[in-house]
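The values are calculated or read from the model by the stated rules, or taken from the named source; none is laboratory data. Please read all numbers here as calculations on a predicted model, not as lab measurements. Counting neighbours? That spans all protein chains shown, and the Cβs are built from the backbone with ideal geometry, glycine included.
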Amino acid sequence: MYTPIRFFPDDTTFPFIRFRTVSYSLSGAAAIVSLALFFILGLNYGIDFRGGTLIEVQTKAPQADIAGLRSTLGGLALGDVEIQEFGAPNEVLIRIEQQQGGDAAQQAALDKVKQALGDRVEYRRVEVVGPKVSSELVQAGTIAVIVALAAVLIYIWFRFEWQFAIGAVIATIHDVVLTLGVFSALQLEFNLSIIAAILTIVGYSLNDTVVVYDRHRENLRRYKRMALPELLDKSINQTLSRTVLTSVTTLIALFSLYIFGGEVIRGFTFAMIWGVIVGTYSSIFIASPILMVLGVKRDWSGVTAGASV
């Protein structure tokens, strides 16, 4: 594999497999903590999943009076009302919790807000999500992630062997669990865009893992007498420059989006940044070493490439 830009020399021989016990321990502990945070703290579900009303407004004054808006809307008896600056200094995002009484109550709450704010603002976006819709979105989002993982399992199974399929799925589940954990720990808003980010992370992690697995398969055919830990290390080192180069270029674009893209996509880009980092880690330190545990076979069918060692 030709890579014009190389972060590491061609003859790099870093012993990744030697650190498998450490990586398993760290990843296992991180996954347990992530699951504990998920069940104890839960996720900070956005209106997509909780239901409620989201209103994006632009004040006519050059600087929005956040305190004044909180005072005005806080007296409307609408329950939890969140107000935050959104983008420009005169742009504000208002979130109103789901109202008892269904869609009619939600619309009534929206009318109250519009009446209270009067002509001081211009309405840029209004989204009303009822309890039934939010429940369906939770179910659909969960099913989407499960189906994606099942598709990964089937694809890798047919492309390689079952050991590779199990390893890829474990690495991908590891990435998803750690992403849920960081969102639970930081209580960042979890909405439909984060589900989209998680599905993208699944695809990215799978692509990264398949590249390394493909080199494993080639070397299993080429070096039939080489010790398996040495062979796995050799494959990882051979693809290391490509793996790191892909991750770095992706992160450059994502950090640019995170800094300059505005609040609308900040949650999505944060999830993607985190996912690229853990996805790169898992493809090297989780997906590859687990082949030793699962006992990947050496007698691949097909033409043997190169000389044996």
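Give Phe164, Phe160, Phe183 a once-over and let me know the one that is under 17 Å from Pro289 (Cα atoms), buried (at least 21 other Cβ atoms within 10 Å of the Cβ) and not small (Gly, Ala, Ser). Just one listed residue meets the conditions, Phe164.
Can you find a residue in segment 114-127 that is over 30 Å from Ala287 (Cβ atoms), in contact with a helix residue (DSSP H, G or I) (Cβ under 6 Å, 6 or more places away or on another chain), touching a residue at least 40 places away in the same chain (Cβ under 8 Å) and in a helix (DSSP H, G or I)? Taking every residue of segment 114-127 in turn, at least one turns out to be over 30 Å from Ala287 (Cβ atoms), in contact with a helix residue (DSSP H, G or I) (Cβ under 6 Å, 6 or more places away or on another chain), touching a residue at least 40 places away in the same chain (Cβ under 8 Å) and in a helix (DSSP H, G or I). The criterion of being more than 20 Å from Gly87 (Cα to Cα) and under 22 Å from the mean Cα position of the chain (by Cα) holds for Thr246.
For Ile143, the conditions (1) in the same structural domain as Val176 (by TED's automatic domain parsing); (2) in contact with a helix residue (DSSP H, G or I) (Cβ under 9 Å, 6 or more places away or on another chain); (3) without any contact (Cβ under 8 Å) to a residue 12 or more places away in the chain are fulfilled apart from (2).
What is the residue count in segment 69-88 for residues that are surrounded by 12 or more Cβ atoms within 10 Å (Cβ to Cβ), outside any strand (DSSP E or B) and without any contact (Cβ under 8 Å) to a residue 60 or more places away in the chain? Summing the residues that are surrounded by 12 or more Cβ atoms within 10 Å (Cβ to Cβ), outside any strand (DSSP E or B) and without any contact (Cβ under 8 Å) to a residue 60 or more places away in the chain in segment 69-88 gives 8. In this structure, Arg125 does not qualify as surrounded by 13 or more Cβ atoms within 10 Å (Cβ to Cβ) and at pLDDT 80 or above. Take the conditions (1) modelled with pLDDT of 85 or more; (2) within 11 Å of Leu220 (Cβ to Cβ); Thr304 misses just one of them, which is (1).
A residue that is surrounded by fewer than 20 Cβ atoms within 10 Å (Cβ to Cβ), under 18 Å from the mean Cα position of the chain (by Cα), in a helix (DSSP H, G or I) and assigned by TED's automatic domain parsing to the domain that holds Gly181 occurs somewhere in segment 277-284.
Selection over segment 26-43 of residues that are part of a helix (DSSP H, G or I) and surrounded by 11 or more Cβ atoms within 10 Å (Cβ to Cβ) gives a count of 12. No other residue among Leu93, Leu117, Leu137 is within 20 Å of Glu56 (Cα to Cα), crowded, with 18+ Cβ neighbours inside 10 Å, within 25 Å of the chain's Cα centre (by Cα) and of a type in the set (A, V, I, L, M) apart from Leu93. Within segment 153-189, the set of residues being aromatic (Phe, Trp, Tyr) and farther than 18 Å from Tyr24 by Cα comprises Tyr155, Trp157, Phe158, Phe160, Trp162, Phe183. Tell me, yes or no, whether segment 49-63 has at least one residue that is of a type outside the set (Asp, Glu), in contact (Cβ under 8 Å) with a residue 40 or more places away in the chain, surrounded by fewer than 18 Cβ atoms within 10 Å (Cβ to Cβ) and closer than 30 Å to Glu136 by Cα. No. Going through (1) touching a Ser or Thr at 6+ places or on another chain (Cβ under 6 Å); (2) closer than 23 Å to Ala287 by Cβ one by one, Val147 falls short only on (1). Kindly indicate the residue of segment 160-186 that is out of contact with any Ser or Thr (no Cβ under 9 Å at 6 or more places or on another chain) and more than 16 Å from Val202 (Cβ to Cβ) and also modelled with the highest pLDDT among those meeting that condition. Applying the filter and picking the extreme gives Leu186.
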